[in-house]
Ligand SMILES: [Zn+2]
């Protein structure tokens, strides 16, 4: 069949489902045997790659040119006319492969994931899922409507939160009070969404034969290699190892800022103003400079990784500058048929832009390194465990950090590079305790679903965790804002349990960086080997291939945290 599918993505993008259907039907009907399965997988991959790339290209266009009506229309048409058929086909072929009992080479791990998805799937849960989607949309709407009056201007919630990095303490305090004050007005509305979601999730778990939602969700998220108990031990390790380090760093911050007590607007979760009140870093003026210096950093980490970035520059796979008629945010996406990644950011000349490009660059290299694998389930990032996907990107930030200075091809003077690195490492350390709050809160919720229907009990549980993991803050007079804040951590409502992955990835990435301090070439070789496995290996095997441990006990964490604190201390002293 492959010979008659278009060989150009541009031609395929004009195809209707009626044109695609014969290929879909043929795949669904073709007998599967040990002899035929490889060819069948290759043909499925080809069709899926064409559909996936067409969809992603149309979607990308809606973000790079938000004003192009025709582009939006093409995207909506594709979403409505092609994608539902494509998803349905994907399901049918998945079931067919599972039913065959065949395991093509390198597919044992992807098949385990597919089998878990099939095991939790219940047709009777489909309408419940639709209900949850509606509640998620309702929540997004409530969040989107949270606008804040600011000097005659109307700010969005994220714009207000961004002011928590302002050098002026009065501005930061005002931003916190305005943001949380606005959100407090939506407390009842979010409570209603929350309560309904909780019921639906419990019901879905029961329908699928599970005692509780956590056990159901564990399987749905394909968490084969760690248990809820491992998460609890990770929380304990964070309390034992990270909280005391944060106490020292927070105390230094308080002194350096000349404050009596540290308030949440002096170090908001993991976003913080500069403790020495210096003006913001200015790494570059033009996008060309951003590309050139980033290229030089990647080249120094590894010439092949630099080569990938060069391909992205040469082939127009980077859209980096902030401009009118462009969507907000940043992402990396995949063009599966062309086997190329694409990076989108909104760079304006601040350090965060550098950090974001190093991060998304890590995701892009992951895609390049895995793109040799034959089947889409093995090489696409969606097939790779999220606990490892972010290792690829966070490690890239850490591996690139030593080259931020101008004499290494980077952006900064020695002093500014030190400041940028200290800020990054402090933010990473501060992330773990906040992550523990978010994760432990959800473990409490789904272990106590009846109590969790009472929003006051949720507030109590959240406040207890804030005291346990973030004990350095003075909440006098703003207790209400602190207690209600879990409603503003969207993952809790929209993506249950999905958060600890970042903390696990970060621990893997710091271990890679630690290896690189001993032997950069060796550490990068292991890192690349792990990336090149794509989704064909289990989590512990991916971590092992990268030369690091998949473990979340206090000793493993301590090894990472001691290096981070020592590095921060050295950089601060310089
Ligand atoms: Zn990422």
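The values are calculated or read from the model by the stated rules, or taken from the named source; none is laboratory data. Values in this document were obtained by computation on a predicted structure and should not be read as measured data. Note: ideal-geometry Cβ built from the backbone for every residue, glycine included; neighbour counts use all protein chains shown.
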(message) Quick check on my filter: what residues within region 317-344 are surrounded by fewer than 13 Cβ atoms within 10 Å (Cβ to Cβ) and farther than 17 Å from residue 286 by Cα?
(response) 325, 328, 329
(message) Restricting to region 392-401, and then to whatever is more than 16 Å from residue 429 (Cβ to Cβ) and near the ligand (Cβ under 10 Å from one of its atoms), can you tell me which residue is surrounded by the fewest Cβ atoms within 10 Å (Cβ to Cβ)?
(response) 393
(request) Would you mind listing the helices (runs of 4 or more DSSP H) fully within region 74-146 where at least 3 residues are over 28 Å from the mean Cα position of the chain (by Cα) and at pLDDT 95 or above? (result) 83-100
(request) Only one of these is within 16 Å of the ligand (Cβ to nearest atom) and either over 23 Å from residue 395 (Cα atoms) or at pLDDT 95 or above (or both): 335, 342. Name it. (result) 342
(message) Can you tell me which residue is farthest from the ligand (Cβ to nearest atom) among those in region 402-418 that are surrounded by 20 or more Cβ atoms within 10 Å (Cβ to Cβ) and part of a helix (DSSP H, G or I)?
(response) 418
(message) Any residue in region 393-408 that is at positive phi sitting within a Cβ distance under 7 Å of a residue that is more than 13 Å from the ligand (Cβ to nearest atom) and not in a helix (DSSP H, G or I)? List the pairs, counting only those 6 or more apart or interchain.
(response) none
(request) Restrict the check to region 347-355 and report whether at least one residue is touching a residue at least 12 places away in the same chain (Cβ under 8 Å), under 22 Å from the mean Cα position of the chain (by Cα), within 14 Å of the ligand (Cβ to nearest atom) and surrounded by fewer than 24 Cβ atoms within 10 Å (Cβ to Cβ). (result) yes
(message) Here is a check on your reading of the model: is residue 11 in a helix (DSSP H, G or I) and either in contact (Cβ under 8 Å) with a residue 24 or more places away in the chain or more than 29 Å from residue 320 (Cα to Cα) (or both)?
(response) no
(request) Go through the residues of region 356-366 one by one and say whether even a single one is more than 22 Å from the chain's Cα centre (by Cα) and either away from the ligand (no atom under 16 Å from the Cβ) or under 30 Å from residue 104 (Cα atoms) (or both). (result) no
(message) Given the options 170, 183, name the one that is part of a helix (DSSP H, G or I) and free of Cβ contacts under 8 Å to residues at least 40 places away in the same chain.
(response) 170
(message) Need the failing condition index for residue 418 against (1) in contact with a strand residue (DSSP E or B) (Cβ under 9 Å, 6 or more places away or on another chain); (2) over 25 Å from residue 242 (Cβ atoms); (3) touching a residue at least 40 places away in the same chain (Cβ under 8 Å), just the number.
(response) (2)
(message) Can you confirm whether residue 562 is under 18 Å from residue 430 (Cα atoms) and surrounded by fewer than 16 Cβ atoms within 10 Å (Cβ to Cβ)?
(response) yes
(request) Please enumerate the residues belonging to region 375-386 that are within 13 Å of the ligand (Cβ to nearest atom) and surrounded by 24 or more Cβ atoms within 10 Å (Cβ to Cβ). (result) 384
(message) Just to check your reading of the model, which residue among 57, 74 is surrounded by 13 or more Cβ atoms within 10 Å (Cβ to Cβ), touching a residue at least 12 places away in the same chain (Cβ under 8 Å) and within 19 Å of residue 371 (Cβ to Cβ)?
(response) 57
